[in-house]
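The values are calculated or read from the model by the stated rules, or taken from the named source; none is laboratory data. Predicted model only: the values in this text are computed from it and were never measured. Cβ atoms come from the backbone with ideal geometry, glycine included; neighbour counts cover every protein chain shown.
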Amino acid sequence: MKAVVLTKEMQAMDRRAMDEFGVPGVVLMENAGWHTAEAIMERVPRKQFPGAAVLCGKGNNGGDGFVIARVLDAAGYDVRVFLLGAKDDVKGDAAVNMNIVLSSHIPFREVDNVNALPADSSFYVDALLGTGLSGPARGLYKEVISWLNERSAPCFSVDIPSGLSGDSALVAGGAVKATATFSMACYKPAHLYAPAKNQCGAVSVVDIGFPGEMRRHMTPTLWRVEEEDIFLRKRADTLYKNRAGKVLVIGGSAGLTGAVTLSALGASACGAGLVVAAVPAGLNGIMENKLTEQMTLPLGAEDAHCLSGTPGDTLMEKVEWADAVIVGPGMGRAAETGSFFKALMERLFSLKKKTVIDADGLYHLARAQELLARMDEQIILTPHFGEFKRLFPELAPLLEGEPWQACRKATEKTAAVINLKGAPSTVGQQEQPLYVNSTGNAVLARGGSGDILSGVTAALLAGGQSALKAAWLGNALLGRAGDLAAGEWGRYAAMQTDVVTALKHAVKEAAQRGEADAEY
């Protein structure tokens, strides 16, 4: 996994590297600029892109830009440096590197209006403003940002596109639309959450030389799940169905049997040994037509089309049998179903059952807020933004600009895992780090994706994963399935049944990546 840090956390890391480990700030700046320049050169070979315009601010971001200019110049690029402001205003480590540029006779110009900037450069380097920007860019910086966005040549941003704050998903005013962004040492939230991330282009992390001992003991606010983190343990040859994970899906109502179907299919595709779909008895015939490998369990009267009353012995026997229970897919919002939901939750609490609550289950939970405080760490809630607002209305204002903080604060209200679904999804639990997903695309922006996810997550729970890991790993697997489905059928045409098919390939990849000696 890769760390995601807030501006104040990054500043503290810089200070620690300098104060505790004795790494001079000018060395950190040298490493940052050098490695960024190397990454830029990989994307714009000198023969095709000979001319570089490096636009620098007066702070440390500009200092990185001065190093980049020097490295590009040494590599044979035709480099010009443009400083927004006066040379005398540049201080500290940035001034050291500016003076090296001046001594190297690299063309250098102080800029006080956009007319001084070159419109004919092969590419541009945006080293104007760093991650700590508070509020929108103003004055000349705002004008230059707008001017850069009018250029057709590639533009590479240092640490973050100028105009963005590293700590916000919002684009408060004008911001550079970068071809690629090279983040110093760690990701920042703005690199990962829309709409800010849409300004960043391709984002990669640049090593600036933090000591290994320091990196090994990092405690960031958030971790980004990477491809190498998506693995499943090897299964023993002697494993049998009752030990491969037993999943019970409780839901369904008239017109919503597809949700239960997708949830059950998701669980099977993620390796659950046995899956049972418990639905109103009046819908059981439909479910038996939809499901082949999974079993069904009719509940209530023969003509029942929604869940109501109290959970009977037949259902509770199956709840006790299951290793993990899903509550909510297609359950519907009838008042009598709400009563059933509350009674069912009481039984699940008494059994300390591993549970995923999704979809209409979350709707009914929002009307029984007292249940939140009674949940334990084996329960997973999977709200999208609309469902989250119903569950935690006081946190709704955070969703637009700081969704990770909304997730964090929600974990203070319940011991359950919160999987805040979005693009990207964020997972949190009390006194644990947050995990942001890195897979997925617009294929998943359609009804049924969450149902598949509930099945995947429950299969992981039933297979022995902790609730926290089941949630973030489930996100990663579903996202990877969406990526594979987009590659095969395209973002418009891929259907949820295609995502289920692609999920099998995603799970196969994860199993192949798994630890060869970790059998269960």
Any pair with Cβ under 6 angstrom, 6 or more apart, that starts in segment 390-411 at a residue that is without any contact (Cβ under 8 Å) to a residue 12 or more places away in the chain and ends at one that is in a helix (DSSP H, G or I) and of a type in the set (Gly, Ala, Ser): Leu398/Ala406
Qualifying residue in segment 229-239 (condition: among the polar types (S, T, N, Q), without any contact (Cβ under 8 Å) to a residue 40 or more places away in the chain, farther than 30 Å from Val171 by Cα and assigned to a helix (DSSP H, G or I)): no
Identity of the residue in segment 76-91, closer than 17 Å to Ser121 by Cα and out of contact with any Phe, Trp or Tyr (no Cβ under 9 Å at 6 or more places or on another chain), that ends up surrounded by the most Cβ atoms within 10 Å (Cβ to Cβ): Val79
Residue list for segment 47-71, filter: part of a helix (DSSP H, G or I), surrounded by 24 or more Cβ atoms within 10 Å (Cβ to Cβ) and among the hydrophobic types (A, V, I, L, M, F, W, C): Phe66, Val67, Ile68, Ala69
Pair list, Cβ < 7 Å and 6+ apart or interchain, from segment 331-346 residues that are surrounded by fewer than 16 Cβ atoms within 10 Å (Cβ to Cβ) to residues that are in a helix (DSSP H, G or I): Arg333/Asp360; Arg333/Tyr363
Answer residue from segment 254-309, given it is surrounded by fewer than 19 Cβ atoms within 10 Å (Cβ to Cβ) and touching a Lys or Arg at 6+ places or on another chain (Cβ under 9 Å) and is farthest from Leu348 (Cα to Cα) among those: Gly258
Segment 15-29, residues that are surrounded by fewer than 19 Cβ atoms within 10 Å (Cβ to Cβ) and either in a helix (DSSP H, G or I) or not hydrophobic (A, V, I, L, M, F, W, C) (or both): Arg15, Arg16, Met18, Asp19, Glu20, Gly22, Pro24, Gly25, Val26, Val27
Matching residues in segment 139-169 - criterion: being part of a loop (DSSP other than H, G, I, E, B), of a type outside the set (Gly, Ala, Ser) and surrounded by fewer than 17 Cβ atoms within 10 Å (Cβ to Cβ): Glu150
Residue list for segment 1-14, restricted to those being in contact (Cβ under 8 Å) with a residue 40 or more places away in the chain and either surrounded by 15 or more Cβ atoms within 10 Å (Cβ to Cβ) or part of a loop (DSSP other than H, G, I, E, B) (or both): Met1, Lys2, Ala3, Val4, Val5, Leu6, Thr7, Glu9, Met10, Met13
Residue within segment 121-135 that is surrounded by fewer than 16 Cβ atoms within 10 Å (Cβ to Cβ), in contact (Cβ under 8 Å) with a residue 12 or more places away in the chain, over 18 Å from Val44 (Cα atoms) and touching a Gly at 6+ places or on another chain (Cβ under 9 Å) present: yes
Any hit, segment 472-495, residues being of a type in the set (Lys, Arg), assigned to a helix (DSSP H, G or I) and free of Cβ contacts under 8 Å to residues at least 12 places away in the same chain: no
The listed residue being part of a loop (DSSP other than H, G, I, E, B) and more than 30 Å from the chain's Cα centre (by Cα), out of Pro118, Pro136: Pro118
Strands (runs of 3 or more DSSP E) contained entirely in segment 392-465, each with at least 2 residues that are outside the structural domain of Ser165 (by TED's automatic domain parsing) and in contact with a Phe, Trp or Tyr (Cβ under 6 Å, 6 or more places away or on another chain): 426-428, 434-436
Residues within segment 206-228 that are buried (at least 17 other Cβ atoms within 10 Å of the Cβ) and either outside any loop (DSSP other than H, G, I, E, B) or in contact with a Ser or Thr (Cβ under 7 Å, 6 or more places away or on another chain) (or both), tallied: 5
Residue count, segment 57-85 (criterion: small (Gly, Ala, Ser), over 32 Å from the mean Cα position of the chain (by Cα) and within 19 Å of Ala137 (Cβ to Cβ)): 1
Residue selected from segment 30-46 under the condition of a type outside the set (D, E, K, R) and assigned to a loop (DSSP other than H, G, I, E, B), by the criterion surrounded by the fewest Cβ atoms within 10 Å (Cβ to Cβ): Pro45
Single unsatisfied condition, Ser183 versus (1) in a strand (DSSP E or B); (2) farther than 21 Å from Lys58 by Cα: (2)
